[in-house]
Amino acid sequence: MKKSLSILLALILIFTLSACGDTEEGKKVDAEEFANDAIEQAEEFDSFSEAAVEHYLKAYGISYEDLKPDWEYTVSEKGAYADDPTSGIGHAVVIFKMPDGELSDEQIRAYYEKVFRVTAAASDDGYNIIGHEFVGEGENPAAETTLEKALNGFLQGWCFRKDGKNMAVYVSDVYDNNKDSKFDRLFYYYGVKFDIGIGLQKSFEDTLSDAEKALD
């Protein structure tokens, strides 16, 4: 677990370290020491648990209970890949699966509507925004977004501001290639996934530039 977590933290670090304002101008950052400290914290806490998800989300005003589906489910994947939500790295991830049967398009859509409402309610503004991760050419990443727009991009998701930080929300369907759908669609969908964590505070290009300077 430690090896895979190290890789994950290193990748996340590239995109979020500078953007989250954890460094002062001109201050050198020992990235290896930073990552190792985060790994040690994660090993002291059962990061791969629903308790970790609840702990992470609570720091951003979100109740894990409010993100659970209205239909019968099992949890096939869960975890909060950072012990301390305020560290500036990590995210909370859960996959909810229907234990026996296929989800309809209406059930999937209703679940995403629920997540969309929850994050909007938890936000500083009372609404969700496009965010730097999902912004299109000519768009303002701080502009309010709709669920329809959030689900129509190459990546499904949106952002919201909480305590002055941009939080990113990714949602996706879980499907089985080996089963035929009883609905008029290509895939057999049996689960949904959310991934909520600290997002980009600047554009992708500016974030990479800042990260390179901090790690130089």
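Structure data summary
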item	result
Protection proxy ranking of 164-174, 64-74 - average other beta-carbon atoms within 10 Å, highest first	164-174, 64-74
Residues whose placed amide H lies under 5 Å from that of GLY199, excluding near-sequence neighbours	ASN166, MET167, ALA168
Listed residue pairs exceeding 29 Å between alpha carbons, taken from LYS97/LYS149; LYS58/LYS149; LYS58/LYS213; LYS114/LYS162; LYS58/LYS182	LYS58/LYS213; LYS58/LYS182
Ratio Rg/Rh [Cα only; Rh per Kirkwood] for region 95-147	1.10
Under Karplus coefficients 6.51, -1.76 and 1.60, residue-wise ³J(HN,Hα) of region 196-209 in Hz, glycine/proline x	10, x, 5, x, 6, 8, 9, 4, 4, 5, 5, 5, 4, 4
By average C-beta atoms within 10 angstrom, highest first, the peptides 111-122, 129-140, 176-187	111-122, 129-140, 176-187
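Just so you know, all these numbers are worked out from the coordinates, no wet-lab data involved. Predicted, not measured: the structure shown is a model, and the values here were computed from it. Here the Cβ is made from the backbone with ideal geometry for all residues, glycine too, and neighbour counts use every protein chain on show.
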